[in-house]
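The values are calculated or read from the model by the stated rules, or taken from the named source; none is laboratory data. Owing to the predicted nature of the structure, the values given are computational and were not obtained by experimental measurement. Neighbour counts are summed over all protein chains in view; Cβ atoms, including those assigned to glycine, are modelled from backbone coordinates with ideal geometry.
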Amino acid sequence: MNSLEITGIAVVRSGREILNGISFDVTTNSTVAVVGPNGSGKSTLLRCMAGLWPVTGGAVTLNQTPLPSMHRTELARAITYVPQETRLDFSFTVRDVVLMGRYAHRGRFERSKRDDVDAADEAMGRADVTHLADRLVTNLSGGERQRVLIARGLATRASILLLDEPTANLDVDHALDILELMRTLAREGHAIVVATHDLNAVYRVADRVALLDSGRLVAIGSPDDVLTPQNLDRAFHVRAETLIGTEGIPVLLFHRLEISSGVHCR
């Protein structure tokens with residue numbers, strides 16, 4: 001069982017404080033959703049949890065080992081980070097890109113082995129891009145490229161997956177597929193952290209929610225405990241009401257706040 005723990009981390013870049021005092025842990029068989037308004041530090045937090053960005057204060061540890069002390073290959077086998085968007089300007093096929101997720105499992109100049117091909121095939125199937133395997137990534141739509149990036153992350157077979165806005169460019173059908181995939185991966189023993197603006201998707205996938213605002217942790221807990229009208233007013237400056245859908249899953253409905261003169265305000 002892998003446990004990723006962040007303890008009081010702070011991040012300052014170019015003299016600007018991006019994160020301050022963030023603490024929580026991520027364990028297997030669970031999904032944590034990181035939510036908050038634009039500029040609240042969600043993407044920065046995921047990059048720090050992946051060991052890609054250094055922290056100014058506090059620590060990020062994997063099984064009590066600080067990430068900076070781990071070999072890059074060892075870290076890549078345990079944690080995979082899927083960014084919201086990556087430039088794919090070279091004419092690689094989808095299969096080639098997904099196989100890049102296996103770099104930590106082979107030598108620098110070593111050719112792909114059977115295990116690598118099997119992992120890539122499985123990942124493409126789970127992300128529903130098998131039919132695109134021989135297409136050039138430069139010829140794909142934004143949504144297709146996003147699913148390819150998810151497949152590349154899955155091909156690592158890392159136990160901890162960090163996904164930044166994985167459904168942002170997807171149509172409704174594929175977005176639901178990715179949400180279901182995240183639930184399945186958590187049941188299979190993965191630890192999932194997903195940064196998202198889709199608060200209604202949180203109810204579908206998350207065991208816990210970390211709500212950020214201005215780089216600080218406003219609340220962490222179950223979706224019901226965190227996505228309250230008071231917290232959403234504080235972080236997003238909206239009035240929220242909760243409805244119950246036909247599947248029994250809560251649905252948030254948002255309204256702009258108004259002042260007495262009737263002028264919308266934020």
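Some points to look at:
- Of all residues in the stretch 58-81 being assigned to a helix (DSSP H, G or I), touching a residue at least 40 places away in the same chain (Cβ under 8 Å) and among the small types (Gly, Ala, Ser), the one that is nearest to GLU5 (Cα to Cα): ALA78
Each row is one residue, and each column tells you yes or no for (1) within 14 Å of the chain's Cα centre (by Cα); (2) closer than 22 Å to THR27 by Cα; (3) at pLDDT 95 or above; (4) basic (Lys, Arg).
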| site | (1), (2), (3), (4) |
| --- | --- |
| ASP121 | no, no, yes, no |
| ARG135 | no, no, yes, yes |
| PRO166 | yes, yes, no, no |
| ALA175 | yes, no, no, no |
| ARG204 | no, yes, no, yes |
| ALA219 | no, yes, yes, no |
| ASN231 | no, no, yes, no |
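- Candidates ASP121, ASP116 - the one that is without any contact (Cβ under 8 Å) to a residue 12 or more places away in the chain, part of a helix (DSSP H, G or I) and closer than 18 Å to ILE150 by Cβ: ASP121
To keep it simple, each residue is scored yes or no on (1) touching a helix residue (DSSP H, G or I) at 6+ places or on another chain (Cβ under 6 Å); (2) free of Cβ contacts under 8 Å to residues at least 60 places away in the same chain; (3) buried (at least 24 other Cβ atoms within 10 Å of the Cβ); (4) not basic (Lys, Arg).
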site	(1), (2), (3), (4)
ALA104	yes, yes, no, yes
ASP134	no, yes, no, yes
ASP198	no, yes, no, yes
GLY215	no, no, no, yes
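- Some residue of the stretch 63-85 being more than 21 Å from PRO166 (Cα to Cα) and more than 24 Å from the chain's Cα centre (by Cα): no
- VAL55 vs. criteria within 30 Å of ASP213 (Cβ to Cβ), in a loop (DSSP other than H, G, I, E, B) and of a type in the set (Val, Ile, Thr): yes
- Whichever residue in the stretch 170-195 is in contact (Cβ under 8 Å) with a residue 60 or more places away in the chain and touching a Lys or Arg at 6+ places or on another chain (Cβ under 8 Å) and, among such residues, is surrounded by the fewest Cβ atoms within 10 Å (Cβ to Cβ): ARG183
- Strands (runs of 3 or more DSSP E) contained in the stretch 147-247 and holding at least 2 residues under 24 Å from THR44 (Cβ atoms), assigned by TED's automatic domain parsing to the domain that holds TRP53 and touching a strand residue (DSSP E or B) at 6+ places or on another chain (Cβ under 9 Å): 160-164, 191-195, 208-213, 216-221
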